[in-house]
Amino acid sequence: MMRRDTSILQHITIQINEESIPAVITRKRIRNLYLRIQEDSTLTISAPLYMPKAQIEAFLKEKQVWIVKASHHARQKQAKESAGENGTVLWLGQAYPVKVIPAEREAVMINDGYFCFMTNDPSGSHLSEMYEKFARKQMKMYLEKERIQWDQRICDAHHLPHPAMTIRSMRSRWGSCTPARNHISMNVRLMHYPYECLQYVLLHEYVHLLVPGHPARFYQTVATYMPDWKAASDKLK
């Protein structure tokens, strides 16, 4: 007989010094607490179903040094393309040569055909982290702009609440939608691809609020909003 799944998910942000670390607490039928850092640097916490919140917080406080160290290590391993070994960054479908510019104040920008990292670290050892922060900031801005039409045309038109949205770094999916939690996740790696790919994936996830799974009706619904969706989808293969 299959045992009923009683897992409970909670998304939080842990603040350690000046660093914010995304985390997911999963309460399960287990006896002990477990920590793990995912490839996208998200901290996952597996906790017993009825463990008090204060006990979980005390455990996290005790493990602060490990959490920060493991989170930094995960970020350094991310995105081979980000500040690539070949000295180029693929941004919105276009390859830019990397230029590292000594500067007291750190910044990332595209200027004169170069992807510029302004940094006070001559070794350039944390360019991937600089890229990740820049990409997430830009993607958030694009998503806030693009979601307006889908909030109106899909959610408002069907009397659905507007979904919460998270930007993550995912290995196997461009996006995900959990209608039960009214939550959409978007992969920051979409910033390497043409802008229409981001538009397509965002619409794809919104349509899941209407149609679960991927039956023929799902893609028919996508096509009513974006007739050329397949051209964008093919660029992600």
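The values are calculated or read from the model by the stated rules, or taken from the named source; none is laboratory data. Please read these numbers as outputs of a predicted model, since none were measured by experiment. The area values use the complete protein model at the heavy-atom level, side chains included, leaving out ligands, DNA and RNA. Shrake-Rupley method; radii C 1.70, N 1.55, O 1.52, S 1.80 Å.
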For the pairs K28/K137; K28/K230; K99/K137; K133/K237, flag any whose C-alpha to C-alpha distance is greater than 31 Å.
K28/K137; K28/K230
Please compute the volume of the convex hull spanned by the alpha-carbon atoms of the chain and report it per residue in Å³.
169 Å³
Radius, Kirkwood style, for region 10-59 when every pair of distinct Cα atoms is counted (Å)
11.4 Å
With N residues in region 94-213, Rg(alpha-carbon) / (2.2 N^0.38 Å) equals 1.26
So what is log10(I(q)/I(0)) for region 143-237 at q = 0.13, 0.16, 0.24, 0.25 1/Å, when the Debye sum runs over its Cα atoms only?
-0.39, -0.61, -1.49, -1.60
When the solvent-accessible surface of protein heavy atoms is calculated with a 1.4 angstrom probe, in what order do S125, S20, S71 fall, highest first?
S125, S20, S71
